Amino acid sequence: MSGVGISFGNSCTYVSVCRDGRSETVANSAGERSTATVVAHQEGELLTGTPAAQMTVRQPANTVHSLKSLLACKLESVDIASQACKLEQHGEEIIVNFNNVTRKGVSALVKCVFENLKETADSALGEDKHDTVISIPLTSSPEFKNTVKKCAISAGFNVLDLVPEAVAALLSVDSADMPVDGHTVVVRIGGSSMDVTVIKVLTGMYSVVDHTEEKIGGSLFDRSIGKFLCEDFNRKNRCKVEENPRSYSKVLKASKSAKHNLSTLNTAECNIESLFDGMDLISNLSRPRFETLIQNDLNKIKETVQNMVTKHSAISINRVFLLEALAKFLKCNP
């Protein structure tokens, strides 16, 4: 039996497999290593991953995103405006109403995401039984942990444990050798939030010293790029493209793609056909301009990290780990 590790994120979810003593993040059926934590309803069928993400533009009322957040809270604390589909509270669970056609509980939708991951793991390993560890937020409630575990088990995973994200990251890095005693700061920057965790390592044991979370993430970068693209388009065509929800959704999707491309390339093309009134958006974004656009966002992230380090100035911090793809944009020297 091979091992599987799952990072259950609010924007994207990843699945890694361990075989012959080596682990790797594997690609899904669309050839992508990240699977969007999005579910869409189309003609009686529930779609997940890339097909569902594509529906957010074409049929937003039939798609739901940020499933991890919805699973962990009640409707009264949800930003209703961020979801185009209808949400209802039924007992202790949020129900998603897909265009008044189908109603599904959030836990059932999370199960669909795990079923997608199960197919990816099965394909990569050539077998269908997997001992699995899932990384989740440090501050997760017992109810949230129990629901996530049930969803994964229902999808076919043999769940051994749920591990805090920061600790899971250190375990992955330190798996080959005995970790050096000391304090480590782990910075996770996700799609909609970031957290900073101070972990003490002593004779191979990990203990959390402090933790903070902020609503800062990759979506800030998307909006900063989107603002630039909208202003450029408006200036050329004398319109206000951001006032059209469908058009603005297309801009944000292009912005996210450009952000990912600029993590490894010096330029990224941003082209959208028929963005507004039949007019196309054709733009090119360079890495220097991108860094200028997101500078204020980076400063917010750096400030959060620096505040945590300053708070614990009395102890010696010997390592700082930056997690997730957005860490490529963050140059931090505490």
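The values are calculated or read from the model by the stated rules, or taken from the named source; none is laboratory data. Because the structure is a prediction, the values reported are computed rather than measured. Note that each Cβ is placed from the backbone with ideal geometry, even for glycine, and that neighbours are counted across all protein chains shown. Accessible surface is based on the protein model in full, side chains and every heavy atom, while ligands, DNA and RNA are left aside. Shrake-Rupley method; radii C 1.70, N 1.55, O 1.52, S 1.80 Å.
In a simple Cβ point-charge model (Lys, Arg +1; Asp, Glu -1; nothing else charged), segment 1-126 has a dipole of about 80 debye relative to its Cα centre.
Dipole check for the chain: with +1 at the C-beta of Lys and Arg, -1 at the C-beta of Asp and Glu, and the Cα centre as origin, the magnitude is about 740 Debye. Taking Ser69, Ser313 and ordering them by how much accessible surface each has at a 1.4 Å probe, largest first, produces Ser313, Ser69. Each residue was assigned an accessible area with a 1.4 Å probe, and for Ile153 the value is about 90 Å². GNM on the chain, alpha-carbon springs under 10 angstrom: the most fluctuating residue among Asn237, Asn97, Asn158 is Asn237. For Lys215 and Asp174, the difference between the fully extended length at 0.36 nm per residue and the C-alpha to C-alpha distance is 11.9 nm.
For Asp210, nonlocal amide neighbours, meaning residues 5 or more places apart or on other chains whose placed amide H falls under 5 Å from its own, are Val198. With unit charges on the beta carbons (Lys and Arg positive, Asp and Glu negative) and the dipole taken about the Cα centre of segment 15-140, which residue among Val39, Cys112, Ser66 sits farthest to the positive side? Working it through, the farthest residue towards the positive pole turns out to be Ser66. Of the residues Phe321, Cys270, Ser257, the one whose Cα sits farthest toward the positive end of the charge dipole of the chain, with +1 on the Cβ of Lys and Arg and -1 on the Cβ of Asp and Glu, is Cys270. The string of couplings for segment 107-124 from the Karplus curve (6.51, -1.76, 1.60, θ = phi - 60°) is 4, 5, 6, 5, 4, 4, 5, 5, 5, 4, 5, 4, 4, 5, 5, 4, 5, 6 Hz, one whole number per residue in order, with x for Gly and Pro.
Less than 5 angstrom separates the built amide H of Ile136 from those of Val163, Glu165, all sequence-distant by 5 or more or on a different chain. For Thr304, the solvent-accessible surface with a 1.4 Å probe is about 20 Å², rounded to the nearest 10. Legend: residue pairs Lys215/Lys253; Lys74/Lys256; Lys68/Lys311; Lys149/Lys200, Cα-Cα distance threshold 22 Å; pairs beyond threshold, Lys74/Lys256; Lys68/Lys311; Lys149/Lys200. The alpha carbon convex hull volume per residue for segment 132-259 rounds to 163 Å³. Rounded to the nearest 20 debye, the dipole magnitude of segment 205-299 is 280 debye, with +1 charges on Lys and Arg beta carbons, -1 on Asp and Glu beta carbons, and the Cα centre as origin. Candidates Ile216, Val186, Ala169 compared by Cα position along the dipole of the chain: farthest toward the positive end lies Ile216, with charges placed on Cβ. In the set [x] 64, 46, 40; [y] 52, 47, 44; [z] 57, 47, 38, the label that goes with Cα extents along the principal axes in Å computed for this structure is [x]. Remark on Cys85: its backbone amide H falls under 5 Å from those of Thr63, a criterion applied only to residues 5 or more positions apart or on other chains, H modelled at 1.01 Å from N. Of the residues Cys151, Cys112, Cys18, the one that moves most in a GNM of the chain with alpha-carbon contacts below 10 Å is Cys18.
Which of Arg238, Arg287, Arg188 ends up with the largest GNM mean-square fluctuation for the chain, with Cα atoms connected below 10 Å? Highest fluctuation among the options: Arg238.
Considering only protein heavy atoms and a 1.4 Å probe, what is the carbon-and-sulfur percentage of the accessible area of segment 201-334? Solvent-exposed carbon and sulfur of segment 201-334 make up 48 percent of the total.
Rolling a 1.4 Å probe over the protein heavy atoms leaves Arg289 with an accessible area of roughly 120 Å².
Computed over the chain, relative contact order equals 13 percent, with contacts defined as Cα pairs under 8 Å that lie 6+ residues apart.
Residues in the chain average 51 Å² of solvent-accessible surface per residue, probe 1.4 Å, ligands and nucleic acids excluded.
Between Ile315 and Cys73, the distance separating the two model label sites (each 7 Å from Cα on the Cα→Cβ line) works out to 2.9 nm.
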